[in-house]
Amino acid sequence: MIISFDDYKKRISDYIDKNELILYRGQSSCDWNLAPTFSRFCSSNGERFDIDHFNLLLGDFINEASCFLEKDLTDTLDYLQKVALAQHYGLPTPFLDWTDSPYIATFFAIANRTIKDTEPFRIWALKVKKNADYYLQNAKDMELENDFYIVSTKFFDSKRLRRQRGYFSYLRKDMALEEYLEKNQPGIKLVSY
């Protein structure tokens, strides 16, 4: 257990490797697992998790957003950009937000806390290889056939994602990310602070 910010800074600096990308996610409760909002939505509403069902919701959202913006987003955004836009506006998605900054992750873990909050919070660190099949720098016109991807948002046209130094994990399965990685991606290291 980390008890000070200095201890946290030391541990994250010990974790750095030039050949790997380290992503961080802050959560205000240690009880929360790494489940995307679409998975949580299905579970809390008694729905079966189905990525095809999500894609129908996404299509409806994009059609409505296109009408509102009076601009056809169907042809101007690729699939991942559509999911990112939907997530930004509150649609449950199979994305989890990450950042390459441990300090931004810390902000998100504590931003809504008050001085009276005594429950510990959690910062996740995900270490991924920069040249792995699951790491997408640019996925334009790409079929997403695998169950898991790390998505770089550098090619997205979003000031918000740039300010947050954002990345996404994309999981097509109905399970928490930590469970999926343990069973299916032994080369990815996931730790929490």
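Computed from the coordinates by the stated procedures, all read-outs in this text should not be read as laboratory data. Here the structure is a predicted model, which is why all the values come from computation and not from measurement. Counting neighbours? That spans all protein chains shown, and the Cβs are built from the backbone with ideal geometry, glycine included.
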Q: Pop the C-beta distance of Asn184 and Tyr103 into the FRET formula with R0 = 35 Å and round what comes out to the nearest 0.05.
A: 0.70
Q. Of all DSSP beta bridges located in the chain, what percent are antiparallel, nearest 5?
A. 90 percent
Q: Could you run the Debye sum over the Cα atoms of the range 61-102, one equal point scatterer each and no solvent, and tell me log10 of I(q)/I(0) at q = 0.25, 0.26 Å⁻¹, two decimals?
A: -0.87, -0.91
Q) What residue among Lys183, Lys127, Lys173 shows peak mean-square fluctuation when the chain is described by a Gaussian network model with Cα springs under 10 Å? A) Lys183
(Q) Considering the Cα positions of the range 37-117, please state its Rg to one decimal place and its Dmax as a whole number of Å. (A) 15.7, 49
Q | Expected-Rg normalisation [2.2 N^0.38 Å, Cα atoms] applied to the chain | A | 1.06
Q) When averaged across all projection directions, what area in nm² does the alpha-carbon convex hull of the range 1-63 cover? A) 7.5 nm²
(Q) Quick check on the chain: helices-only [θ] at 222 nm, where DSSP H runs of length 4 and up contribute -39,500 (n - 2.57) each and the sum goes over total residues. Nearest 500, please. (A) -10500 deg cm²/dmol
